[in-house]
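Below: the structure, in structure tokens.
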Amino acid sequence: MDVPGPVTRRAAAAAATMLLRTARVPRECWFVPTALLCAYGFFASLRPSEPFLTPYLLGPDKNLTEGEVFNEIYPVWTYSYLVLLFPVFLATDFLRYKPVVLLQGLSLIVTWFMLLYAQGLLAIQFLEFFYGIGTATEIAYYSYIYSVVDLSMYQKVTSYCRSATLVGFTVGSVLGQILVSVAGWSLFSLNVISLTCVSVAFAVAWFLPMPQKSLFFHHVPPSCRGANDVKESKPDRLLVLKVLWNDFLVCYSSRPLLCWSVWWALSTCGYFQVVNYAQGLWEQVMPSRHAAIYNGGVEAVSTLLGAVAVFAVGYIKISWSTWGELTLSLFSLLIAAAVYIMNTVGNIWVCYASYVVFRIIYMLLITIATFQIAANLSMERYALVFGVNTFIALALQTLLTLIVVDASGLGLEITTQFFIYAGYFALIAVVFLSNGAVNILKKYRKPEDPESSSQVTTS
């Protein structure tokens, strides 16, 4: 359940942009829905208990074993998120956003209510399923605002909404750390605060104006309307899937886009696994019942420094078409090293520092991959590609979870899992190193061919 808030939200935001071309209110009416959505995003992300989830489940409140938490409970989130992602994507468009935003708020309330009062393995597994609903429905949060504001306001409202969730996550992490370390609050009390915040978010969502149209199910291009369906204005449901499939084929026919997308899917899969189970590794190094823990502070620091690294991307000058794959290879190797150090050095502060480095590098690279793909696509195709990339990442994560983590598979210990994750990123580095080297050789050989051919023609 302890999933990467900002990153998961970035992936959902990318997939959500596919639902853009909708009815819009006049430009001067953008402020109220944007303010309401930002308030919703802030309170929905303000969950001070989230960085302390693993200690809470292993502690006296739930009294679960490490095997139950890591091998039988956390995998449920991965499976439910994968299964729900595509149906929720279509339902968001069909129901016109707001009902799905409300569903997200309700699922978060159910999640934290169960986190407070549910007992036993099966109940906590159901809790993870509801959290999977909350994660999958984030697409509605990021797509809603585009249905009620003018195209000229997209950049501004996007920055506001994403900043609201980032600030909420950071404030929640810092607040949780202060209440635990300074005020001596219990983890149960942190969950009470989290439940209160998501309840406020749910209340705010009711005041959002209802969009009138959507991209597919409530919007039909004139060329797609026949003589019999002009009055009904109902598109053929199969047409939706046909449009998606045709755009998919067009997008992935580009080799550079395919390369960046492959890295996106592979690395995001590994990233989710590391972030999901990092708290478990920290428990192995320094059990929370024996010493003070600083999970909230680490999450806050890594998020803020990651945001700084993302901002710095705009000032990097490099020929990504030539050196992009080698860059991905180098930084993937650094990620592998950070995960390996995190797992082998038995010092909690080294673990924390390695985790911060790990998140910073990933946020930096995923941002580069984002604008490299977006530079060659229209807005609709941009969203489709990132939606497909996210789905593939989740499918790979599900497979990795089933084999490595799940009790029905190998059910490996947390330290063994992290050795596998380090090797996974090292393998990604090797693949892109070889591919990048071949690409550079081709680049430098190309100028010779036109020259030699021109000489032959002159002769």
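Structure above, values below:
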read-out	value
Residue within the stretch 212-227 that is modelled with pLDDT of 70 or more and either surrounded by fewer than 15 Cβ atoms within 10 Å (Cβ to Cβ) or outside any loop (DSSP other than H, G, I, E, B) (or both) present	yes
Of all residues in the stretch 421-459 being β-branched (Val, Ile, Thr), at pLDDT 70 or above and farther than 30 Å from Ile403 by Cα, the one that is most open to solvent (accessible area, probe 1.4 Å)	Val438
The stretch 276-323, subset aromatic (Phe, Trp, Tyr) and open to solvent by 30 Å² or more (accessible area, probe 1.4 Å), residue nearest to Tyr340 (Cα to Cα)	Tyr294
Candidates Phe42, Phe70, filtered to the one that is open to solvent by 30 Å² or more (accessible area, probe 1.4 Å) and of a type outside the set (D, E, K, R)	Phe42
Residue within the stretch 5-12 that is modelled with pLDDT of 85 or more, of a type in the set (Ser, Thr, Tyr) and under 27 Å from Val301 (Cα atoms) present	no
Any chance Trp112 is hydrophobic (A, V, I, L, M, F, W, C) and in contact with a Leu (Cβ under 6 Å, 6 or more places away or on another chain)	yes
Hits in the stretch 404-433 - residues which are under 23 Å from Gly67 (Cα atoms), within 22 Å of the chain's Cα centre (by Cα) and β-branched (Val, Ile, Thr)	Val404, Val405, Ile420
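To keep it simple, each residue is scored yes or no on (1) more than 17 Å from Tyr56 (Cβ to Cβ); (2) touching a Phe, Trp or Tyr at 6+ places or on another chain (Cβ under 8 Å); (3) at pLDDT below 80; (4) surrounded by fewer than 21 Cβ atoms within 10 Å (Cβ to Cβ).
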| residue | (1), (2), (3), (4) |
| --- | --- |
| Leu106 | yes, yes, no, yes |
| Phe113 | no, no, no, yes |
| Gln119 | no, no, no, yes |
| Gln125 | no, no, no, yes |
| Tyr144 | yes, yes, no, no |
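The values are calculated or read from the model by the stated rules, or taken from the named source; none is laboratory data. Quick caveat, the model's predicted, so the values are computed rather than measured. Because the Cβ atoms are built from the backbone with ideal geometry, glycine has one as well, and the counts that use them run over all protein chains shown. Side chains are part of the model used for accessible areas, which takes the heavy atoms of the whole protein and leaves out ligands, DNA and RNA. Shrake-Rupley method; radii C 1.70, N 1.55, O 1.52, S 1.80 Å.
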